[in-house]
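**Student:** Take a look at the following structure, please.
The values are calculated or read from the model by the stated rules, or taken from the named source; none is laboratory data. Remember, predicted model here, so these are calculated numbers, not experimental data. Note that each Cβ is placed from the backbone with ideal geometry, even for glycine, and that neighbours are counted across all protein chains shown.
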Amino acid sequence: MVTIPLEDSYTDIIGKAMRGLQIEHNALAAQAGVDGAKLQALCDGEFSLDTAARIAPLLGLNAAALHALAEKRYAPASVTLDGLAMFNTPFEDMTVNAYLVWDPATNEAAVFDTGADASGMIDEARTRGLTIKHIFITHTHGDHIFDLDRLREKTGAAVWSGNREPVDGTNVFSVGHSWHLGSLKIDTRLTWGHSPGGVTYVVTGLARPVAVVGDSIFAGSMGGGKVSYAAALKCNVDEIMTLMPETVICPGHGPLTSVGEESRNNPFFAK
Ligand SMILES: [Fe+2]
């Protein structure tokens, strides 16, 4: 599997927290007792542990985790799991992830989001002899559902989206609904805040549990709280970080990670 870099730098994370908490630069410097120029330097990429340690508690961030990101010391362990494949496709100036999950016993499969180009997933399913029965949508941002029409046409699979953020022409479910896929079970949790009704899909039955989280959490960061930063943070803490530590997190951008690794290394969640 290709190594995918972390989605966010420590400066991105500080920016997300400041925007989310609506704390302006000058107010943050004053509250932290930090010189404005020093804070600006930190925000410009010149890391100082002293400055980071002063502002981090006001932003609900972990300074040691920011430090590790600044020094590029954090990369989640690579994940190999029978029944899970990740597809990372270029979209504008970034890349986006989509996932194929299958029951190795029955070869029944489901797709989570489409990414910019679903042809890799379609080819992989054909090569493995999988039958794609469902297409699940995490949220409706364009990069995640860009290739939906083609994927639906090629597979004939049922397409599902959550009732708080429905996609036209799909089957709409109430979050909390679950499905069986061979011997696997797929449960849903509401993880809104980045978008109005984002859904996290939790798959159990493989060697490790899998959580397909959309843009709720990234390795080392989280999605921007475009709709509600407070809700995004709360949903992440309550609905994702409470899953078992070995749970594989499949984010919409950046590399695969796990609940355990994020609980130790993600500045938003590390204690
Ligand atoms: Fe998004």
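**Student:** Would you mention how many residues in region 183-196 are buried (at least 18 other Cβ atoms within 10 Å of the Cβ) and either out of contact with any helix residue (DSSP H, G or I) (no Cβ under 9 Å at 6 or more places or on another chain) or assigned to a loop (DSSP other than H, G, I, E, B) (or both)?
**Tutor:** 8
**Student:** Something else now. Could you check Asp149 against (1) charged (D, E, K, R); (2) more than 16 Å from the ligand (Cβ to nearest atom); (3) in a loop (DSSP other than H, G, I, E, B) and say which number it fails?
**Tutor:** Condition (3) is where Asp149 drops out.
**Student:** Hey, among Leu66, Leu39, Leu59, which residue is in contact with a helix residue (DSSP H, G or I) (Cβ under 7 Å, 6 or more places away or on another chain), free of Cβ contacts under 8 Å to residues at least 40 places away in the same chain and outside the structural domain of Val210 (by TED's automatic domain parsing)?
**Tutor:** Leu39
**Student:** Could you say which residue among Ser183, Ser178 is more than 15 Å from the ligand (Cβ to nearest atom), in the same structural domain as Asp103 (by TED's automatic domain parsing) and without any contact (Cβ under 8 Å) to a residue 24 or more places away in the chain?
**Tutor:** Exactly one residue qualifies, and that residue is Ser178.
**Student:** Another question, if that's okay. For residues that are in contact (Cβ under 8 Å) with a residue 40 or more places away in the chain and out of contact with any Asp or Glu (no Cβ under 8 Å at 6 or more places or on another chain), tally how many sit in region 116-141. Steps first, please.
**Tutor:** Kept after step one, since they are in contact (Cβ under 8 Å) with a residue 40 or more places away in the chain, are these residues of region 116-141: 133-134, 136-141.
Filter once more, so that each one left must be out of contact with any Asp or Glu (no Cβ under 8 Å at 6 or more places or on another chain): 134.
So the count comes out to 1.
**Student:** Just one of Asp168, Asp143 is farther than 24 Å from Pro255 by Cα and part of a loop (DSSP other than H, G, I, E, B); which is it?
**Tutor:** One residue alone meets the criteria, Asp168.
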